[in-house]
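The next block holds one structure in the form of structure tokens; read it before the comments.
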Amino acid sequence: MTTSPCSPLLDFEKRPLHGGDPVHLCQAFKGKVVLVVNTASRCMYTPQYETLEKLYQDYRDDGLVVAGFPSNDFGAQEPGSSEKILDFCKVNYGVEFPMFEKLHASSDKADPFYKALAEAAGGQFPQWNFHKYLIGRDGNLIRSYRSGVEPDSEELLSAIRKAL
């Protein structure tokens, strides 16, 4: 039996926000539909944590994973430590979806993971917090969504349902 190659979009190791060993995203998300979101605790879009968690709860058994990557790149709206971010997400929004280490998402200093996502999206880097990238089960980018697209919008829900 041969294993399928890893998608370049997911061929990265990232440390979970709660600590521990790095996770190889390709292995962790193999065969899943992945919604990657750059998050922040002090942003006008921060309430999206609630709808992202609902989305995760509603569709995870069907194969959806929401993956949060805190970033302090936009308005310095995520200045806290990993512990503070994790506590904030759990206490205020009951977040159970996977959260990973704080990364740079902006174009001028983007982490290689975000460089790969932006390249796949035709050069579209996040312009603010809560930008979303939807990755299909095959590991290819389906679409990129700007911050103002709510997780429960028909636009995003329709794309997720189709991918599942």
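Worth a mention:
- Gaussian network model of the chain, Cα within-10 Å springs - most flexible of ASP11, ASP21, ASP87: ASP21
- Whole-Hz ³J(HN,Hα) from phi, Karplus 6.51 cos²θ - 1.76 cosθ + 1.60, for the range 104-117, glycine and proline x: 8, 10, 6, 4, 6, 9, 4, 4, x, 4, 6, 5, 5, 4
- Shape category assigned to the range 45-158 from the gyration tensor of Cα positions, a/c cut at 1.5: oblate
- Most fluctuating residue given options GLY31, GLY94, GLY20, as computed from a GNM of the chain linking Cα atoms under 10 Å: GLY20
- Farthest towards the positive end of the charge dipole of the chain, among the residues VAL91, ILE142, GLY19, is the Cα of ILE142, using unit charges on the Cβ of Lys, Arg, Asp and Glu.
- Sequence-distant contacts, meaning Cα pairs under 8 Å at least 6 residues apart, place the relative contact order of the chain at 29 percent.
- The chain: antiparallel DSSP beta bridges as a percent of all, rounded to 5: 60
- Taking amide H atoms as placed 1.01 Å from N in the peptide plane, the amide H of VAL66 lies under 5 Å from those of LEU35, each 5 or more residues away in sequence or on another chain.
- For the range 46-55, backbone phi angles converted through the Karplus equation (6.51, -1.76, 1.60; θ = phi - 60°) give residue-by-residue couplings of 3, x, 4, 3, 4, 6, 5, 5, 4, 4 Hz, Gly and Pro being listed as x.
- Calculated [θ] (222 nm, deg cm²/dmol) that DSSP helices of n ≥ 4 give over the chain, each run adding -39,500 (n - 2.57): -8000 deg cm²/dmol
- Between ALA118, SER82, PHE100, the Cα set farthest toward the positive side of the dipole of the range 19-164 (charges on each charged residue's Cβ, about the Cα centre) is that of ALA118.
- Cut-off under 5 Å, modelled amide H: who pairs with LYS30 long-range: none
- Pairwise label distance in nanometres, LYS90 with ASP138, each label 7 Å out on the Cα-Cβ vector: 3.9
- Here the calculated FRET efficiency for GLU154 and GLN127, from their Cβ-Cβ distance with R0 = 30 Å, stands at 0.85, rounded to the nearest 0.05.
- Applying a 4.7 Å cutoff between beta carbons, the unpaired cysteines of the chain are CYS43, CYS89.
- A straight chain from ASP21 to GLU101 at 0.36 nm per residue would run longer than the Cα-Cα distance by 27.7 nm.
- Distance between the pseudo-spin-label points of SER81 and ASP108 (7 Å out from Cα toward the beta carbon): 2.9 nm.
- The charge dipole of the chain, taken about the Cα centre with unit charges on the Cβ atoms of Lys, Arg (+1) and Asp, Glu (-1), comes to about 180 debye, rounded to the nearest 20.
- In terms of packing, defined here as the mean over residues of other Cβ atoms within 10 angstrom, the peptides 62-71, 143-152, 95-104 line up highest first as 62-71, 95-104, 143-152.
- Comparing ASP111, ASP138, ASP61 in a Gaussian network model of the chain, where Cα atoms under 10 Å apart are tied by springs, the biggest mean-square fluctuation is seen for ASP61.
- Close Lys pairs in the chain, defined as Cα atoms under 16 Å apart and 8 or more places apart or on different chains, number 11.
Rule-based calculations on the coordinates, nothing more; no lab input. In this text, all values refer to a predicted model and were calculated from it rather than measured experimentally. Every residue, glycine as well, gets a Cβ built from its backbone with ideal geometry; the counts of neighbours run over all protein chains shown.
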